[in-house]
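Taking it in order: structure first as structure tokens, then the write-up.
The values are calculated or read from the model by the stated rules, or taken from the named source; none is laboratory data. All values derive from a computational prediction rather than experimental measurement. Cβ placement follows ideal geometry from the backbone for every residue including glycine, while neighbour counts extend to all protein chains displayed. Calculation scope for accessible area: heavy atoms of the full protein, side chains included, ligands and nucleic acids excluded. Shrake-Rupley method; radii C 1.70, N 1.55, O 1.52, S 1.80 Å.
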Amino acid sequence: MPLSGTRPRKRLTREESRAQTRATLIAVGRRHFLRYGLGGAVAEKIAEDAGYSRGALYANFDGKEELFVAVIQEEQARHLNLFRSLLKEEPSSKKRLKKMRDTIADLMTDHDWIVLRAEFEVGALRSERIRQSFVEVHRQQLRDGSELVRDLLRSPEVTSKLKPDDFITVITNLAHGLAVTQRILGAELSQKSTRNLVQSLFDHLISSA
């Protein structure tokens with residue numbers, strides 16, 4: 001007989017159970033892709049470490065490539081939510097711009113994102129299927145990022161040397177390239193220096209009065 005004051009655990013609906021399974025597979029898959037890369041990760045091992053059968057993984061994803069894209073999409077969604085939250089909380093256009101600059105510098109020099117994005121690029125160069133996914137993710141990033149920049153530019157105090165789409169293309173790709181080079185060079189180009197370079201690039205392209 002249940003103890004007084006305790007409630008029976010709510011039974012998950014089919015949709016909730018599937019969402020939970022997908023979320024767990026994505027989280028475990030993320031760790032495997034970071035450690036082994038897209039080429040070295042094994043779908044069956046990911047499912048096993050997540051506590052599911054091989055069939056459960058293939059019931060939710062076509063295979064490890066689709067799981068990898070889901071990991072990337074979740075990262076992008078997390079980045080977008082972070083930007084939206086930061087910009088919504090700050091009324092000052094100057095401070096909003098600085099927050100966006102600093103957050104871009106932080107995210108672009110984050111070790112996990114550098115590795116995942118680089119794996120995505122290599123996969124896109126080798127596989128037409130992954131290339132198509134890369135194009136879709138890139139287009140979504142462009143739409144989301146441009147929306148954030150346009151919101152900043154609504155203030156007469158903020159000016160940009162580039163159109164929102166071009167600004168996002170330049171800042172994300174150049175910043176990522178710098179970050180990858182820094183991870184390879186190590187001490188020759190510090191993470192702090194790379195972060196400063198990304199901030200300088202941002203300030204050169206968009207500024208506030």
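Observations on the structure shown:
- Positive minus negative residues near Leu38 (Lys, Arg vs Asp, Glu; Cβ under 11 Å): -1
- Crossing angle, helix 93-108 versus the chain [Cα axis fit, 0-90 degrees, rounded to tens]: 50
- Listed by chain and number, the lysines placed with their C-alpha closer than 28 angstrom to that of Lys64 are Lys45; residues fewer than eight positions away on the same chain are left out.
- Distance between the C-alpha centres of segment 33-84 and segment 179-207: 29 Å, rounded to the whole angstrom.
- When Leu86, Leu12 are compared by accessible surface with a 1.4 Å probe, the order from highest to lowest is Leu12, Leu86.
- Exposure check, 1.4 Å probe, all protein chains in place: Ser207 carries approximately 50 Å² of accessible surface.
- Mean Cβ count within 10 Å, highest first, over the residues of peptides 96-107, 147-158: 96-107, 147-158
- Rg/Rh for segment 130-209, where both radii come from Cα atoms and Rh is the Kirkwood radius: 1.04
- Relative to the Cα centre, the charge distribution of the chain, modelled as +1 at Lys and Arg Cβ and -1 at Asp and Glu Cβ, gives a dipole magnitude of about 600 debye.
- Relative contact order (%) - criterion: Cα under 8 Å, at least six apart; region: segment 1-118: 22
- Unit Cα scatterers, Debye sum, segment 56-129: log10 I(q)/I(0) for q = 0.14, 0.15 Å⁻¹: -0.59, -0.65
- The angle separating the long axis of helix 64-89 from the principal Cα axis of greatest extent in the chain is about 50 degrees.
- Nearest-ten-degree value, helix 14-40 long axis tilted from longest Cα axis of the chain: 60
- Ranked by the mean number of other Cβ atoms within 10 Å of their residues, highest first, the peptides 185-196, 29-40, 63-74 fall in the order 63-74, 29-40, 185-196.
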